[in-house]
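Chemist: I have a structure I would like to understand better, so I am pasting it below and will then ask my questions one at a time.
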Amino acid sequence: GTTFEEARERYSATVEMLALKGYGRRTSSRVGDKDAYWAPTAEVLLEAMRLGFAERQPAPSARRYLEAHRDRIYTLTAAGRAVAELAKGDVAAFCDQLATAIYKAHPFFRALVEELRAAPIACPEVSESDVENASRIGHGTNYWTDYVAEKLTRSPGAAIDADQIKQLVVSTVRRRFGAGPEARPSGKALTQALNDAFAVAAVSARGLSMGATDLDILKSWGSQLRVLDQSRYVPGFEQFNLIWLAAEIGNENFASIKRRELPTYEVQVAKALISSYAAQANSAETTLLAPYLPIYRVRAAAAFECRVTRALVDLVIERLSEGAIAGISEKLRLHLGTTRQPVSEPLYRRGGNRRYELTIHPQSN
């Protein structure tokens, strides 16, 4: 067991440690060191209780109640002790257990995972220049309604009518900017609002009732735990943000989540990388036998084909570049290149060095 005060101090020390390692940043406390981080500490404890990792106890709901809880003791359950042991030596298994607990305890996360289990979700997206061009020629709500309706006909399992899409677009934009804003929103803000509305339409078409912020949070959970992934650069799904499941799900009575890992998928992903590179090289406007291609595009295609995370594909890219995968004769080479990296795609790093492009050659070369 530990007191609330000890937990708060541990939270503060963890913030400092992560900031020193460059994994996060420390923000100045507005309440002084004595009470700093009381709210996130309470949130962590309450979430641990919800997941079944800590025994049920009250936690402070406001700062004025903090003194009454400083010495309250919080204790791990048997499940909590088990996952704590995993965290010490088997982080992958710990994350699988954490993902499983979230799946069981959070209905919205479970619903998203089950829909992805059936098929990926394709959320239509537009760029700021698309929005500006549409506004310039007078296109409005009806245009975007028709745009999304047409796009969702290409999304697996989607079913939603034009009236529903229009209501979602109108309600999202009005909620963001008001019914009659005095100043026209910036192109960037309007683009973000429309893409949020399109994402809500995409999940609504799959029977999921959640807002854009809810979806972003659930995607963040799944991505950090390596059980789902997403990309805007999967071939065949241009102008979509495609979300897919990257884990194995157990049966309903004994629900479990296990991420798809390197030992099982290494060869399959390597072959997908090679075929993805070949397909994109064939369509490239170049006379080179082995053209320099953006890593993020080849990686996205391979990750989606194998239903694994882009992080796992990065591991396979590294192994291929070292010639370390048995049975694969092709040689992958990494290059700095001149590709402009989209902010939505993780940057590939080899050691501490960035790489943007790759080529794949027969081993004999």
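The values are calculated or read from the model by the stated rules, or taken from the named source; none is laboratory data. Please read these numbers as outputs of a predicted model, since none were measured by experiment. Note that each Cβ is placed from the backbone with ideal geometry, even for glycine, and that neighbours are counted across all protein chains shown. Surface accessibility is based on the protein's heavy atoms, side chains included, excluding ligands, DNA and RNA. Shrake-Rupley method; radii C 1.70, N 1.55, O 1.52, S 1.80 Å.
Rundown of residues vs (1) of a type outside the set (D, E, K, R); (2) under 23 Å from residue 99 (Cβ atoms); (3) modelled with pLDDT of 95 or more; (4) out of contact with any Lys or Arg (no Cβ under 7 Å at 6 or more places or on another chain), yes/no style:
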{"position": "19", "(1), (2), (3), (4)": "yes, no, no, no"}
{"position": "28", "(1), (2), (3), (4)": "yes, no, no, yes"}
{"position": "33", "(1), (2), (3), (4)": "no, no, no, yes"}
{"position": "51", "(1), (2), (3), (4)": "yes, yes, yes, yes"}
{"position": "60", "(1), (2), (3), (4)": "yes, no, yes, yes"}
{"position": "66", "(1), (2), (3), (4)": "yes, no, yes, yes"}
{"position": "69", "(1), (2), (3), (4)": "yes, no, yes, yes"}
{"position": "72", "(1), (2), (3), (4)": "no, no, yes, yes"}
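Chemist: Separate question: Within the stretch 17-33, work out how many residues are surrounded by fewer than 11 Cβ atoms within 10 Å (Cβ to Cβ) and under 22 Å from residue 61 (Cα atoms).
Modeler: Total meeting the criteria: 5.
Chemist: Is it the case that the stretch 290-312 has a residue that's open to solvent by less than 40 Å² (accessible area, probe 1.4 Å) and among the charged types (D, E, K, R)?
Modeler: Looking for residues that are open to solvent by less than 40 Å² (accessible area, probe 1.4 Å) and among the charged types (D, E, K, R), one finds at least one in the stretch 290-312, hence yes.
Chemist: So residue 261 fits all but one of (1) over 18 Å from residue 316 (Cβ atoms); (2) surrounded by fewer than 20 Cβ atoms within 10 Å (Cβ to Cβ); (3) modelled with pLDDT under 95; (4) not small (Gly, Ala, Ser); what number is the exception?
Modeler: (1)
Chemist: Against the conditions (1) open to solvent by 40 Å² or more (accessible area, probe 1.4 Å); (2) over 25 Å from residue 105 (Cβ atoms), where does residue 14 fall short? Just the number, please.
Modeler: Answer for residue 14: the failing condition is (2).
Chemist: Being surrounded by fewer than 18 Cβ atoms within 10 Å (Cβ to Cβ) and in a loop (DSSP other than H, G, I, E, B) is the filter here, so list the residues in the stretch 46-57 that pass it.
Modeler: The answer is 52, 55, 56, 57.
Chemist: Can you confirm whether the stretch 228-247 contains a residue that is open to solvent by 40 Å² or more (accessible area, probe 1.4 Å), of a type outside the set (S, T, N, Q), within 30 Å of residue 163 (Cα to Cα) and free of Cβ contacts under 8 Å to residues at least 40 places away in the same chain?
Modeler: Taking every residue of the stretch 228-247 in turn, at least one turns out to be open to solvent by 40 Å² or more (accessible area, probe 1.4 Å), of a type outside the set (S, T, N, Q), within 30 Å of residue 163 (Cα to Cα) and free of Cβ contacts under 8 Å to residues at least 40 places away in the same chain.
Chemist: Output the residues belonging to the stretch 58-78 that are surrounded by 14 or more Cβ atoms within 10 Å (Cβ to Cβ) and either in contact with a Ser or Thr (Cβ under 8 Å, 6 or more places away or on another chain) or β-branched (Val, Ile, Thr) (or both).
Modeler: Correct list: 70, 72, 74, 77.
Chemist: Out of all the residues in the stretch 26-35, is one or more under 24 Å from the mean Cα position of the chain (by Cα) and not polar (S, T, N, Q)?
Modeler: yes
Chemist: Consider the stretch 134-179. How many of its residues are open to solvent by less than 60 Å² (accessible area, probe 1.4 Å) and either touching a residue at least 40 places away in the same chain (Cβ under 8 Å) or not in a loop (DSSP other than H, G, I, E, B) (or both)?
Modeler: Residues flagged as open to solvent by less than 60 Å² (accessible area, probe 1.4 Å) and either touching a residue at least 40 places away in the same chain (Cβ under 8 Å) or not in a loop (DSSP other than H, G, I, E, B) (or both) within the stretch 134-179 amount to 22.
Chemist: Determine, yes or no, whether residue 126 is part of a loop (DSSP other than H, G, I, E, B), among the aliphatic types (A, V, I, L, M) and open to solvent by less than 20 Å² (accessible area, probe 1.4 Å).
Modeler: Yes, satisfied.
Chemist: What strands (runs of 3 or more DSSP E) lie completely within the stretch 254-365 and have 2 or more residues being of a type in the set (Lys, Arg) and either at negative phi or under 19 Å from the mean Cα position of the chain (by Cα) (or both)?
Modeler: Answer list for the stretch 254-365: 257-259, 331-335, 348-350, 353-355.
Chemist: Follow-up. Scan the stretch 201-227 residue by residue and report those that are open to solvent by less than 20 Å² (accessible area, probe 1.4 Å) and either free of Cβ contacts under 8 Å to residues at least 24 places away in the same chain or β-branched (Val, Ile, Thr) (or both).
Modeler: 203, 227
Chemist: Quick check: is even one residue across the stretch 317-329 touching a Pro at 6+ places or on another chain (Cβ under 8 Å) and either open to solvent by less than 30 Å² (accessible area, probe 1.4 Å) or at pLDDT 95 or above (or both)?
Modeler: no
Chemist: Among (1) open to solvent by 80 Å² or more (accessible area, probe 1.4 Å); (2) free of Cβ contacts under 8 Å to residues at least 12 places away in the same chain; (3) not in a helix (DSSP H, G or I), there is one condition residue 43 misses while meeting the rest; what is its number?
Modeler: All conditions are met except number (3).
Chemist: Looking at the stretch 337-364, which of its residues are under 22 Å from residue 282 (Cα atoms) and surrounded by fewer than 11 Cβ atoms within 10 Å (Cβ to Cβ)?
Modeler: Those that are under 22 Å from residue 282 (Cα atoms) and surrounded by fewer than 11 Cβ atoms within 10 Å (Cβ to Cβ): 338, 340, 362, 363, 364.
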